[in-house]
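Input: a single structure, listed below in C-alpha cells.
No value in this document is a laboratory result; all are computed from the given coordinates. All values reported here derive from a predicted model rather than from experimental measurement. Note: ideal-geometry Cβ built from the backbone for every residue, glycine included; neighbour counts use all protein chains shown.
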Amino acid sequence: MNEQTEAPVLEIEPETGRNLDPLVKMTHAVYALQAASFFLGISLFAAVIVNYIKKEDVAGTWLESHFRWQIRTFWFTLLWLFLGALTFIVVIGYFILTGAAIWLIYRIAKGWVFLAERRPLPT
C-alpha cells in the first residue's frame, strides 16, 4: 500500500516570499470574532481593533481586501444598529435591526467563503 501524506501548503507572497499563513489565520479569527458578536457584542469591537492593528501587515496582499471588507462591515453594522435603536420605539427600528442582522450574517459568510477559497473580495 502506498500512503501519501500531503504537506500543508504555505501561502507565500510571490513578490516578497513572505509567508502569509499567520495573516490568513488572523483573518479567520476576525471573521470568528464577528460571528461571535451575535452572542457577545463586544467581540465585534475586538475584531475591528485587530483589523486596525494588523492593517499595515496585509497591505499590498490579497488579504487587504478582506480587512477592508471587515472594517466596512463593522462601521456599517454600527451605523445600522444605531439607527435601529434610535427608531425602535417607532416600530421601524425592529425592521432595521432585523435587516442589519441579516446583512451582517451575509457579510461574514461571503467574506469567510472567499477567505477559505483564498480569493480576494471584490471592492
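Okay, residues lined up against (1) of a type in the set (A, V, I, L, M, F, W, C); (2) surrounded by 15 or more Cβ atoms within 10 Å (Cβ to Cβ):
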site	(1), (2)
Gly41	no, no
Trp62	yes, yes
Leu78	yes, no
Glu117	no, no
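Could you check the range 62-97 and list, in sequence order, the residues that are hydroxyl-bearing (Ser, Thr, Tyr) and closer than 16 Å to Leu44 by Cβ?
First pass over the range 62-97, keeping only residues hydroxyl-bearing (Ser, Thr, Tyr): 65, 73, 77, 87, 94.
Once the filter is applied, which keeps residues that are hydroxyl-bearing (Ser, Thr, Tyr) and closer than 16 Å to Leu44 by Cβ, the range 62-97 yields Thr73, Thr77.
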**OP:** From (1) surrounded by 12 or more Cβ atoms within 10 Å (Cβ to Cβ); (2) within 15 Å of the chain's Cα centre (by Cα); (3) in a helix (DSSP H, G or I), pick out the condition that doesn't hold for Leu97.
**Re:** (2)
**OP:** Sort out which residues of the range 15-44 are in contact (Cβ under 8 Å) with a residue 24 or more places away in the chain, in a helix (DSSP H, G or I) and over 17 Å from Leu115 (Cβ atoms), and write them in order of number.
**Re:** Leu44
